[in-house]
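Below you'll find the structure, written out as structure tokens, and then a few comments.
The values are calculated or read from the model by the stated rules, or taken from the named source; none is laboratory data. No experiment lies behind these values; they were computed from the predicted model shown. Reconstructed Cβ throughout: ideal geometry from the backbone, glycine too, with neighbour counts over all protein chains shown. Surface accessibility is based on the protein's heavy atoms, side chains included, excluding ligands, DNA and RNA. Shrake-Rupley method; radii C 1.70, N 1.55, O 1.52, S 1.80 Å.
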Amino acid sequence: MRTTELPLVVVLGDQEPPLLDRIKDRARLRRVGEADLAGALREADALLVWDFLTDALPAAWPEHDGPRWVHTASAGVDRLLFPALLRSGAVITNSRGVFEEPIAEYVAGLVLAMAKDLPGTLDRQRSRTWQHRETERVAGTRAVVVGGGPIGRAVARVLGALGLRVALVSRTARERDAEFGRVYGFGELAGLLPEADWVVGAAPLTGETADMFDAATFARMKRGARFVNVGRGPLVVEHDLVAALRDGTLAGAALDVFRQEPLPVDSPLWTAPGLLVSPHMSADTHGWLEDLAELFLANFARWAAGRPLRNVVDTTLGYVPMGEAPGDTPHTEEGSP
């Protein structure tokens, strides 16, 4: 830390995070918006990126000095992996552990909503139309979940509990996974798609995963399959998804994340047939902000005591490696995971 004073923790966000008053006797807290970010970063010992959708950090990051620790109130860290921050050697941590179960529940809800045609039921209710229909069973259908991290694993677990036969796809294949048996590698995805009734995107945004769901991917899927993305918006080539829905390649889809957020009012995604649009809310349940703050406070206590931080991001991979348990991730003053 820079001086014998209490460390300066800069909080980026227009809203005050809950619970931070618990560390007011151990840190100087300064909440700033994007306009004041550059000046604050030059003095900061640590940065809490509470507004995790901001794109202001690359332009504001100082050429010299800057925070030694950056924590984001999100699972995805792609907005933080810009050259100046990486060169600084700052330790980056994320909020792994808060979002997994809520997102898994949300995906299960989407799968059931599409299989049981709940959108169609609501449409008929609005028009006071009594029309009996048959719906689909999900038990016994096949799902491919792309993303072998905590979120993807939670999704696979919940879908499996509903009776779906789930194949989990990760960056690295594993033949002896303790929970799922075999985990497939990204290179095996093409061979899994023709048998899948459901394909779920739950991967982080990296060079390997950007644009991975494109026209070629949708063409390999079983005709009438459905697609869900709760990972990152740029995993999907959105106009290719619209085309696949319009020509009947896909029977339905659901997106909770988008390349541009908020989604522009003139986006063709709003009116694509069979597409459910939700505003990046799959992880946001009652009390989630307190959960995010609690995780940060626990990490702050570790940082202030010089102990290993939780959820240290491997910046070469773009995510927290699964092999390391939360709380046991080592770091050094230079920021090496």
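The conditions of being touching a helix residue (DSSP H, G or I) at 6+ places or on another chain (Cβ under 8 Å), among the basic types (K, R), under 20 Å from A75 (Cβ atoms) and open to solvent by 50 Å² or more (accessible area, probe 1.4 Å) are not met by R232.
V169 falls short on exactly one of the conditions (1) surrounded by 14 or more Cβ atoms within 10 Å (Cβ to Cβ); (2) touching a residue at least 12 places away in the same chain (Cβ under 8 Å); (3) over 22 Å from the mean Cα position of the chain (by Cα); (4) over 16 Å from A108 (Cα atoms), and that condition is (3). Any residue at all in segment 96-117 that's assigned to a loop (DSSP other than H, G, I, E, B), touching a strand residue (DSSP E or B) at 6+ places or on another chain (Cβ under 6 Å), crowded, with 21+ Cβ neighbours inside 10 Å and of a type outside the set (G, A, S)? Within segment 96-117 (the criterion being assigned to a loop (DSSP other than H, G, I, E, B), touching a strand residue (DSSP E or B) at 6+ places or on another chain (Cβ under 6 Å), crowded, with 21+ Cβ neighbours inside 10 Å and of a type outside the set (G, A, S)), the answer is no, since none of the residues qualifies. When G191, G274 are checked against the criterion of being at pLDDT 95 or above and on the phi > 0 side of the Ramachandran plot, G274 stands alone in meeting it.
Counting only residues that are in a strand (DSSP E or B), aliphatic (A, V, I, L, M) and without any contact (Cβ under 8 Å) to a residue 40 or more places away in the chain, segment 48-75 holds 2 of them. Within segment 76-85, the set of residues being under 20 Å from A40 (Cβ atoms), in a helix (DSSP H, G or I) and over 14 Å from the mean Cα position of the chain (by Cα) comprises A84, L85.
Are any residues in segment 206-229 crowded, with 21+ Cβ neighbours inside 10 Å and not aromatic (F, W, Y), and if so, which ones? If the condition is that a residue be crowded, with 21+ Cβ neighbours inside 10 Å and not aromatic (F, W, Y), then T209, T217, M221, A225, R226, V228, N229 are the ones that fit. Considering L193, L241, L250, the condition of being in contact (Cβ under 8 Å) with a residue 40 or more places away in the chain, touching a strand residue (DSSP E or B) at 6+ places or on another chain (Cβ under 9 Å) and either open to solvent by less than 10 Å² (accessible area, probe 1.4 Å) or not aliphatic (A, V, I, L, M) (or both) is satisfied by L193 alone. Residues that are over 21 Å from S282 (Cα atoms) and without any contact (Cβ under 8 Å) to a residue 24 or more places away in the chain do occur in segment 113-120. Taken over segment 239-263, the criterion of being more than 22 Å from the chain's Cα centre (by Cα) and part of a loop (DSSP other than H, G, I, E, B) is satisfied by D247, G248, T249. Kindly evaluate R26 against the criterion of being surrounded by fewer than 16 Cβ atoms within 10 Å (Cβ to Cβ), in contact with a helix residue (DSSP H, G or I) (Cβ under 8 Å, 6 or more places away or on another chain) and part of a loop (DSSP other than H, G, I, E, B). Considered against the rule, which asks whether it is surrounded by fewer than 16 Cβ atoms within 10 Å (Cβ to Cβ), in contact with a helix residue (DSSP H, G or I) (Cβ under 8 Å, 6 or more places away or on another chain) and part of a loop (DSSP other than H, G, I, E, B), R26 comes out as yes.
Kindly indicate whether D51 is charged (D, E, K, R) and within 21 Å of the chain's Cα centre (by Cα). Yes; evaluated as a whole, the condition is true for this residue. Checking each residue in segment 274-289 for being more than 16 Å from the chain's Cα centre (by Cα) and surrounded by 13 or more Cβ atoms within 10 Å (Cβ to Cβ) picks out G274, L275, L276, V277. Looking only at residues of segment 62-75 that are buried (at least 22 other Cβ atoms within 10 Å of the Cβ) and closer than 29 Å to V230 by Cα, we find that the one that is nearest to the chain's Cα centre (by Cα) is A75. Checking each residue of segment 153-163 against the condition of being surrounded by 13 or more Cβ atoms within 10 Å (Cβ to Cβ) and free of Cβ contacts under 8 Å to residues at least 24 places away in the same chain gives at least one match. The residues of segment 58-100 that are under 18 Å from L255 (Cα atoms) and among the acidic types (D, E) amount to a single one, E100.
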